[in-house]
Amino acid sequence: MELNGAQIVIQSLKDEGVEYIFGYPGGAVLHLYDAIFQQDDVKHILVRHEQGATHAADGYARATGKPGVVLVTSGPGATNAVTGIATAYMDSIPMVIISGQVPSPVIGSDAFQEVDMVGITRPCVKHNFLVKDVTKLAETMKKAFYVATTGRPGPVVVDVPKDITDPSIKVPYKYPKKVTIRSYNPAVTGHKGQIKKAVDLLLTAQKPIIYSGGGVVLGEASKELIEFTHTLGFPITNTLMGLGAYPATDKQFVGMLGMHGTYEANMAMHESDVIIAIGARFDDRVTGKLDQFCPHAQIIHIDVDPASISKTVKVAIPIVGEVKPVLEQMLEMIRESKKKPSKKALENWWNQIEQWRSVKCLEYDRESRLIKPQYVIEQLYEVTKGDAYITSDVGQHQMWAAQYYPFDKPRRWINSGGLGTMGFGLPAAIGVKLAFPDSEVACVTGDASIQMCIQELSTALQYKTPIKIINLNNSYMGMVRQWQEFSYESRYSHSYMDTIPEFVKLAEAYGHVGMRIDKPEEVRPALEEAFAMKDRTVFLDILTDRTENVYPMIESGKGHHDMTLRVASGTSTDRELA
Amino acid sequence: MRHIISILIENESGALSRVAGLFSARGYNIESLTVAPTEDPSLSRMTLVTRGSDDIIEQITKQLNKLIDVVKLIDLADSVHIERELMMVKVKTNEQTREEIRGMADIFRGKIIDVTPTTYVVEMTGPSSKLDAFIAAIDGDSIIEVVRSGPTGISRGEKGLHL
Ligand SMILES: Cc1cc2nc3c(=O)[nH]c(=O)nc-3n(C[C@H](O)[C@H](O)[C@H](O)COP(=O)(O)OP(=O)(O)OC[C@H]3O[C@@H](n4cnc5c(N)ncnc54)[C@H](O)[C@@H]3O)c2cc1C
Ligand SMILES: Cc1ncc(C[n+]2csc(CCOP(=O)(O)OP(=O)(O)O)c2C)c(N)n1
Ligand SMILES: [Mg+2]
């Protein structure tokens, strides 16, 4: 089969089984758009800003496990995509971004809409390619998908100069079934000797804890993790990125750990003698002050990326490999072992954990006359029967969603953890809804975050992706305000906007339903009403307690055992603000 | 500690900038970097001198290995190895100093490879410390220009960095 470069790109996507590409046209990609026009297999979703394209593709990837695909033009199209590429990179999300480039002969001449996309994205991609030869295009596409989806996943940029897609130049096309890259051979199974050592250590632990993260979601190892945890009877905590990989409603789950994790999770980490980290990367939001991190523990770490191991925290037993096969290997060894975890020690350990649990660190004022954001999330959980896909933006609302919506399945909780990108939630929700049109998809957002990609409301209408937007409107950049309250004697410098749009009208202007809720008793009925409108996107503008803070919290420079709890549980933190 | 990291890397445009970019982005120290093609035209060999604690060097080698273009690498500090650097020094000369510079170059096994009525160019190879010593031994005011290649290295014995 002979195809031109533009057709090769699109045909490669078909051969990869790509359902959707998220994109925005421009000069350098016109040949590609013409090729898209002439086929129906790969559906193109026209966003309203290239950042939206990247987040939508990212949301699609997080929900499905399949790579998200983006198409942008050169210059401003490419630079607009960078935030979304970096977002995916930090959370190890598989994506392939095709960017147009000026024609090869003028590269380097400051041509119209030229930017060095390969250079700009180098620090925030897993790899990138500049295509120089149309006969290598199909192979490059294959390599891009291969690199993006294997090992530690990540975004890969393919920068395609316009002349490469020239419709008049046709070359034989054959999509390779398989590619190998001699310098790229990610580990799969773990080293037997290391696994044996790890199992021995686990079976002698007195106060063990399992600390698992996004790697379990990315590695589709939820089932193995559950079996592993049940077999051992150990407590388990998840990072923000790992939520859902272990059912949050299970009694062995002690909640999220880290800065806004639960008291019991952080205390158990601090007091533990053996930690097994599974697909988690010891992020600073998790560890708190490093020299106070888990002072008594010997650490086992399973990670597919050797560079994640002993990066910030030295570990005793590193295991390089994918979580799923490694957990299978471990389970087998545990079953064969004559040693069993000490019942007595575990009983004592669980008693201790129950004491920490009894602090009820997530209690809040349920009597308040104001709408408590935590209450909204709890109601959202009930109304969606805990079975929705929840995307979020970045801020306090993100933490409340993580804390008060117990996720029981992986890939249901979709948020930007590593980069913390405001503007992520809405486009991501569109990507998720396209993947799962029959599931409920809600975007938990804030009055500041939602304005960063609000234009995608228009995309949601065009492609009929009915989502529910839960705007926890505190008229503040709440997370910033909270830090200013704690660390800057409440000098609220620019964490407030004097003008916030009327979101109801805004939603209506975009063709959706808007609802404004300002009383606690209205929350439940409004949510029910919104979710009953199956085929409409509904924007719920919920006016919440403006001064509510996220608790508990490890303030910066402190260790896990040094959490700030709510002043007194059950009392209101409402304060008058100037 | 000082480490010499030897890298086999795909001979592709952009490969060098990936390595250089990694060092600046992660704040690693880079003392010198040399790169040239190998007997296999698809591969370049890069020699990189850096300094850091064992933990930092471990991260550096892991991060380098993570780059898709990096095929293989070794830390020469882990084994017995030979280190060589090439230097050319242009010095001002006159009747009185010619003899002295020639003598010094001899002691350091350097060669004089260019002569004009007022200058010499001395060529010298050796471990970096030897080149440093030569610079220290001659009169600093007479030096017009110093060009150094940065060290390259190779391990002793049958072990080697190849595919
Ligand atoms: C406002 C805000 C507050 C936050 N507060 C918290 C908090 O309180 N607690 C918290 O936990 N986080 C918090 N975060 C998120 C935090 O910044 C990090 O994103 C998060 O902790 C990282 O999660 P992770 O360790 O699971 O790593 P991920 O970023 O999910 O990385 C996954 C790891 O698994 C590895 N991996 C990938 N695939 C596989 C596989 N198949 N097999 C084996 N290994 C694999 C990767 O190499 C990587 O090391 C917050 C973020 C924001 C924006
Ligand atoms: C693009 C971007 N800019 C700035 C920040 C810093 N930041 C983190 S949270 C936050 C405030 C978010 O406010 P809002 O969306 O209203 O959420 P709230 O915290 O009030 O729930 C800001 C500005 C960020 N994370 N992302
Ligand atoms: Mg807000």
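Worth a mention:
- Flag for A:T445 being away from ligand 3 (no atom under 16 Å from the Cβ), surrounded by 24 or more Cβ atoms within 10 Å (Cβ to Cβ) and either free of Cβ contacts under 8 Å to residues at least 12 places away in the same chain or not aliphatic (A, V, I, L, M) (or both): no
- Residues in region A:62-91 that are surrounded by fewer than 24 Cβ atoms within 10 Å (Cβ to Cβ), more than 23 Å from A:K14 (Cβ to Cβ) and among the hydroxyl-bearing types (S, T, Y): 3 in all.
- Verdict on A:K192 being exposed (fewer than 15 other Cβ atoms within 10 Å of the Cβ), more than 16 Å from ligand 1 (Cβ to nearest atom) and basic (K, R): yes
- Beta carbons closer than 9 Å, at least 6 apart along the sequence or on distinct chains, pair a first residue in region A:459-478 that is of a type in the set (S, T, Y) with a second that is in a helix (DSSP H, G or I) and near ligand 2 (Cβ under 8 Å from one of its atoms) for A:Y476/A:Q396; A:Y476/A:Q482.
- The listed residue being among the β-branched types (V, I, T) and in contact (Cβ under 8 Å) with a residue 24 or more places away in the chain, out of B:T125, B:T116: B:T125
- The residues listed here are A:P123, A:P153; of these, the one that is exposed (fewer than 15 other Cβ atoms within 10 Å of the Cβ) and within 14 Å of another protein chain (Cβ to nearest Cβ) is A:P123.
- Region A:81-107: number of residues that are more than 30 Å from A:S439 (Cα to Cα) and touching a residue at least 24 places away in the same chain (Cβ under 8 Å): 8
- Test: residue in region A:519-536 that is in a helix (DSSP H, G or I) and within 16 Å of ligand 3 (Cβ to nearest atom): no
- A:A53 vs. criteria out of contact with any Leu (no Cβ under 7 Å at 6 or more places or on another chain) and farther than 28 Å from A:S168 by Cβ: yes
- Within region B:70-79, none of the residues are within 12 Å of another protein chain (Cβ to nearest Cβ), surrounded by fewer than 18 Cβ atoms within 10 Å (Cβ to Cβ) and outside any strand (DSSP E or B).
- Test for B:L48: is it within 10 Å of chain A (Cβ to nearest Cβ) and either buried (at least 18 other Cβ atoms within 10 Å of the Cβ) or in a strand (DSSP E or B) (or both): no
- Any hit, region A:293-307, residues being within 16 Å of A:V217 (Cα to Cα) and either away from every other protein chain (no Cβ under 14 Å) or within 16 Å of ligand 3 (Cβ to nearest atom) (or both): yes
- Region B:2-13, subset in a strand (DSSP E or B) and within 14 Å of chain A (Cβ to nearest Cβ), residue farthest from B:I74 (Cα to Cα): B:E10
- For region B:14-36, filtered to residues that are part of a loop (DSSP other than H, G, I, E, B) and closer than 15 Å to A:P123 by Cβ, the residue that is nearest to the other protein chains (Cβ to nearest Cβ) is B:G14.
- Residues satisfying the stated conditions in region A:165-196, i.e. within 14 Å of chain B (Cβ to nearest Cβ), over 30 Å from A:S104 (Cα atoms) and small (G, A, S): A:A187
- Residue satisfying all of: in region A:464-479; outside any loop (DSSP other than H, G, I, E, B) and within 16 Å of ligand 1 (Cβ to nearest atom); farthest from the other protein chains (Cβ to nearest Cβ) among these: A:L472
- Test: residue in region A:300-312 that is surrounded by fewer than 18 Cβ atoms within 10 Å (Cβ to Cβ) and within 30 Å of B:L67 (Cβ to Cβ): yes
- Among the residues examined, A:V286 does not qualify as closer than 13 Å to A:V216 by Cα, within 21 Å of the chain's Cα centre (by Cα) and among the hydrophobic types (A, V, I, L, M, F, W, C).
- Flag for B:M104 being in contact (Cβ under 8 Å) with a residue 24 or more places away in the chain and assigned to a helix (DSSP H, G or I): yes
Values in this text are rule-based calculations from the coordinates and carry no lab data. Everything quoted here is computed from the prediction, not taken from an experiment. Cβ sites come from the backbone with ideal geometry, for glycine too, and all protein chains shown count toward neighbours.
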